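Chemist: Just dropping this structure here.
The values are calculated or read from the model by the stated rules, or taken from the named source; none is laboratory data. Given the structure is predicted, the values throughout are model-derived calculations rather than measurements. For neighbour counting, all protein chains shown are included, and Cβ atoms are generated from backbone atoms with ideal geometry for every residue, glycine included. Surface accessibility is based on the protein's heavy atoms, side chains included, excluding ligands, DNA and RNA. Shrake-Rupley method; radii C 1.70, N 1.55, O 1.52, S 1.80 Å.
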There are 2 protein chains.
Amino acid sequence: MHRTYSPDSPTTRQSQRKIIVETVSAPTNIAVIKYWGKKDAKLNTPINSSASITLDQNDLRAVTSAAASPDFPCDRLFLNDIEEDLSSNKRFAAVITNMRRLAQDKTDSITGITVKKADWSSWRVHIVSKNTFPTAAGLASSAAGYAALTRVLAELFNAQEEYPGQFTGIARQGSGSASRSLFGGFVEWNAGEKADGTDSIAIQVADEHHWPEIRALILVVSDAKKGTSSTAGMGTSVETSELLRHRAANIVPGRLAAIKTAFLEKDFATFGKITMQESNQFHATCLDTYPPIFYLNDVSRTIIRMVHAYNEFKGEVLAAYTFDAGPNAVIYTTDAHLVELTALMKNYFDAPMNNEQAAEAAKAFTVNPALFAVCDPIHDPTVVQPVKYMYSTSSGPGARPMAASESLIDRSSGMPLLAMPPPPGAAPQK
Amino acid sequence: MHRTYSPDSPTTRQSQRKIIVETVSAPTNIAVIKYWGKKDAKLNTPINSSASITLDQNDLRAVTSAAASPDFPCDRLFLNDIEEDLSSNKRFAAVITNMRRLAQDKTDSITGITVKKADWSSWRVHIVSKNTFPTAAGLASSAAGYAALTRVLAELFNAQEEYPGQFTGIARQGSGSASRSLFGGFVEWNAGEKADGTDSIAIQVADEHHWPEIRALILVVSDAKKGTSSTAGMGTSVETSELLRHRAANIVPGRLAAIKTAFLEKDFATFGKITMQESNQFHATCLDTYPPIFYLNDVSRTIIRMVHAYNEFKGEVLAAYTFDAGPNAVIYTTDAHLVELTALMKNYFDAPMNNEQAAEAAKAFTVNPALFAVCDPIHDPTVVQPVKYMYSTSSGPGARPMAASESLIDRSSGMPLLAMPPPPGAAPQK
């Protein structure tokens, strides 16, 4: 839905405006215990608890600026340079409403402008958000986006939680997995038991410094928007897959406890095995859905088989794939094996990388020819499409404020800094 | 394992030999309630009951001849023109041993040769078997093969069952699904409960005349031998997939009862939906196996989505796919929709057909352009490989004797009629 930006009331002189702006950055996270299925669609609570690793924001992040002013006529939202209709985006609106409710007195550190708690109801917000990675291609872009939204509104409104984890519960109402992106490291999202969803919140199990050797190699198999949205897919799965119901009730609790212990003990073999089993079981429940949902393709399957071949060759689980609602692979490993694994994958799926140093190191690495010999038969170049892009990254912190210089919003107009509308009389943009 | 045929003892004049020969033909069957997982590997009993439709032998069959003679020095087996080592094939040997145990007095109708029950232990057999379809590519070739073996030995030995279904139990020890190919129409294989496996037998639910409108369109996606054999795959699945154990115990019984009723009432909508759900759940349990097993590929997935698009377009379930342990699709439908469905599939997956008349009818059929419009986006020609072959077929009878003229064995020598060894002194064959 593309619109050009309509300037606000021309009678308001911008210099007189009271505008405050905050900017935050939020990471994506990649689940190792998968969330698939809502218990309550309105509250966005899940049928099972889940857990994830928060990825480094240097590589994959959403940046969101929020401006507030009593002069803005309405709340507005700009996602990746396109204005979105807030009235048709209930999830965005829910986060804004819930965060506004927690607003306190605020004095802006830059302008000195003060907003009293009681006045927030008459201040409208402009939200401008950008992702540094493909949106809706199964890399949890909504997790980063809603975590950034929640956190930027907490800064803007000087919002205070009424109980610990309340912000994560609000982020959850935007996107379930967003609850986990407020924290860094290894994060659990408790399904919760209360009918009002207030205990369905995220908790940090260990921060990003606990196991600093953890690495993630991401293979972007497709940057196209996925065929079945997570929300639609989950709805059908909960309705039709008996295997999903069994899994949520009987299998996930044991796996979650085991993988938390494995992460805390830095036991990669257990951590990796559960991660792979979880990915496969999630996609199994998608296949058990009626009609079936497919996110993995022949490229994904080739990667899966290659990771198993790698582990078998090494005699232990040193790498673990996981796939969300799309064909893109995230391979968790540790720093000791990252270069070899990258070199192996680049041999079959060469693609541009986010990190020049990692690409060079992989290029210089000599993979054991016997490892190629076991992987060659798995890779059928007549079937397997190239990979679009590779990210080499690690775990990192949760959503965090950024300097004013990083703002996506023009402080004087309250409008997006980039992709401004053309000046009056200019030729229409193509 | 290729060998040339060594002639038997040259001192025995063939004209003096006592040789009797029988020939049978057996169909394949395609399960609608899937068998995946053994309860007892030695007895070859399953963790759940299953059900299938027996396909017409005109299109897909195994033909097996068996010769017996007191002059043969040992049991020998020739599969698709290649001699196999019986001592390393325990499943074949088990069927021969168990059928020989049920042998009775026999008078051969052609030669008049009589064998007394007590004499069978000194008669050895030669088995010659051929399939008319790709072996081990997920089209249940072993079902046809072991059903043919069991039935031809019943004829050869004039074997008598000690209890109803005993022959199906013996065929089961060759290959589980073979138990169902002894009968035509719609057949159930009861898992059974007894420790000795004697109640793990097949039962005909309805013969091939009960619902004569049932059709099957088979798309041979690959004729290559499958990557993971069924036996190996089932073993890993039973060990590692919790979803498989849940399915076998809690989901299959209800589905089996419902699909039997649907078949008896000729309720295609219910029959088709359960068939598709079963196929998907079976492949879901393969994916839930550790390491995961993949039989479906991107072509299979395209076919699945196209069948759902077809049903949605038609407003009811008129076609139902099912996939065994390979990427090949079997689409069940009824005669009223077969031509349209064939025309639709041939548009995207054109391939040679077994039936010239069916191919011509499909070519002449005008598919609604609106149906193409919903199917076109599903078919990505850059990803999807061509289909190798199409079979248009129906349901048919079980294993049955054939005329002596169909024999694969030379009555005077007891050796295979085709692929005979070259005469002494001839140039070696390439």
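Chemist: Out of all the residues in the range A:122-165, which are under 14 Å from the mean Cα position of the chain (by Cα), of a type in the set (Val, Ile, Thr) and modelled with pLDDT of 90 or more?
Modeler: Across the range A:122-165, the qualifying residue is only A:THR150.
Chemist: Tell me which of these A:GLU188 doesn't satisfy, since it passes every other one: (1) charged (D, E, K, R); (2) assigned by TED's automatic domain parsing to the domain that holds A:THR275; (3) touching a helix residue (DSSP H, G or I) at 6+ places or on another chain (Cβ under 8 Å).
Modeler: Condition not satisfied by A:GLU188: (2).
Chemist: For the range A:353-370, indicate whether the set of residues that are of a type in the set (Phe, Trp, Tyr) and farther than 25 Å from A:ALA178 by Cβ is non-empty.
Modeler: For the range A:353-370, residues of a type in the set (Phe, Trp, Tyr) and farther than 25 Å from A:ALA178 by Cβ: present.
Chemist: Please find, within the range A:17-43, the residue that is farthest from the chain's Cα centre (by Cα) out of those that are closer than 17 Å to A:MET99 by Cβ and buried (at least 20 other Cβ atoms within 10 Å of the Cβ).
Modeler: Across the range A:17-43, the extreme among qualifying residues is A:ILE20.
Chemist: Would you mention how many residues in the range B:181-202 are open to solvent by 10 Å² or more (accessible area, probe 1.4 Å) and in a loop (DSSP other than H, G, I, E, B)? Lay out the reasoning, then the answer.
Modeler: Going residue by residue through the range B:181-202, those that are open to solvent by 10 Å² or more (accessible area, probe 1.4 Å) are B:182-183, B:188, B:190-196, B:198-199, B:201.
Retained after the next criterion (residues that are in a loop (DSSP other than H, G, I, E, B)): B:183, B:190-196, B:198-199, B:201.
Qualifying residue count for the region: 11.
Chemist: Of everything in the range B:247-259, what is surrounded by 19 or more Cβ atoms within 10 Å (Cβ to Cβ) and of a type outside the set (A, V, I, L, M)? Give them in sequence order.
Modeler: If the condition is that a residue be surrounded by 19 or more Cβ atoms within 10 Å (Cβ to Cβ) and of a type outside the set (A, V, I, L, M), then B:ARG247, B:ARG255 are the ones that fit.
Chemist: Same structure again: Between a first residue in the range A:362-379 that is assigned by TED's automatic domain parsing to the domain that holds A:LEU344 and more than 15 Å from A:THR342 (Cα to Cα) and a second residue that is open to solvent by 80 Å² or more (accessible area, probe 1.4 Å) and at pLDDT 95 or above, which pairs have beta carbons less than 6 Å apart while being 6 or more apart in sequence or on different chains?
Modeler: Every condition considered, the pairs that remain are A:ILE378/A:ARG305.
Chemist: Let me ask something else about it. If I filter the range B:323-334 for residues that are in a helix (DSSP H, G or I) and out of contact with any strand residue (DSSP E or B) (no Cβ under 6 Å at 6 or more places or on another chain), do I get at least one hit?
Modeler: Scanning the range B:323-334 turns up no residue that is in a helix (DSSP H, G or I) and out of contact with any strand residue (DSSP E or B) (no Cβ under 6 Å at 6 or more places or on another chain).
Chemist: Anything in the range A:382-406 that is over 26 Å from A:ALA224 (Cα atoms) and either open to solvent by 20 Å² or more (accessible area, probe 1.4 Å) or over 17 Å from the mean Cα position of the chain (by Cα) (or both)? List them, or say none.
Modeler: Scanning the range A:382-406 gives A:PRO397, A:ARG400, A:PRO401, A:MET402, A:ALA403, A:ALA404, A:SER405, A:GLU406.
Chemist: Follow-up question, since we're still on this one. Any idea which of (1) open to solvent by less than 10 Å² (accessible area, probe 1.4 Å); (2) within 14 Å of chain A (Cβ to nearest Cβ); (3) assigned to a loop (DSSP other than H, G, I, E, B) is the one B:THR275 doesn't satisfy?
Modeler: Only one criterion in (1) open to solvent by less than 10 Å² (accessible area, probe 1.4 Å); (2) within 14 Å of chain A (Cβ to nearest Cβ); (3) assigned to a loop (DSSP other than H, G, I, E, B) is unmet by B:THR275, namely (3).
Chemist: Please determine, by comparing only the residues of the range A:284-306 that are at the interface with chain B (Cβ under 7 Å from one of its Cβ atoms) and out of contact with any helix residue (DSSP H, G or I) (no Cβ under 6 Å at 6 or more places or on another chain), which one is surrounded by the most Cβ atoms within 10 Å (Cβ to Cβ).
Modeler: A:ILE304
Chemist: Only residues that are touching a helix residue (DSSP H, G or I) at 6+ places or on another chain (Cβ under 9 Å) and of a type outside the set (Gly, Ala, Ser): list them for the range B:139-151, please.
Modeler: Residues satisfying the conditions are B:TYR146, B:LEU149, B:THR150, B:ARG151.
Chemist: Shifting gears a bit: Taking the criterion of being at pLDDT 95 or above, in a loop (DSSP other than H, G, I, E, B), under 19 Å from A:ASP40 (Cβ atoms) and more than 10 Å from chain B (Cβ to nearest Cβ), would at least one residue in the range A:239-251 satisfy it?
Modeler: no
Chemist: Go through the range A:216-245 and give me each residue that's crowded, with 17+ Cβ neighbours inside 10 Å and among the hydrophobic types (A, V, I, L, M, F, W, C).
Modeler: Selection gives A:ALA216, A:LEU217, A:ILE218, A:LEU219, A:VAL220, A:VAL221, A:MET234, A:VAL238, A:LEU243, A:LEU244.
Chemist: Sort out which residues of the range B:44-60 are in contact with a Phe, Trp or Tyr (Cβ under 8 Å, 6 or more places away or on another chain), at pLDDT below 95 and either crowded, with 21+ Cβ neighbours inside 10 Å or of a type in the set (A, V, I, L, M) (or both), and write them in order of number.
Modeler: Residue satisfying the conditions is B:LEU60 alone.
Chemist: Among the residues of the range B:314-332, are any basic (Lys, Arg), within 11 Å of chain A (Cβ to nearest Cβ) and farther than 15 Å from B:SER392 by Cα?
Modeler: no
Chemist: Do we find that A:SER413 is open to solvent by 20 Å² or more (accessible area, probe 1.4 Å) and under 30 Å from A:ALA154 (Cα atoms) in this structure?
Modeler: So A:SER413 fails the test.
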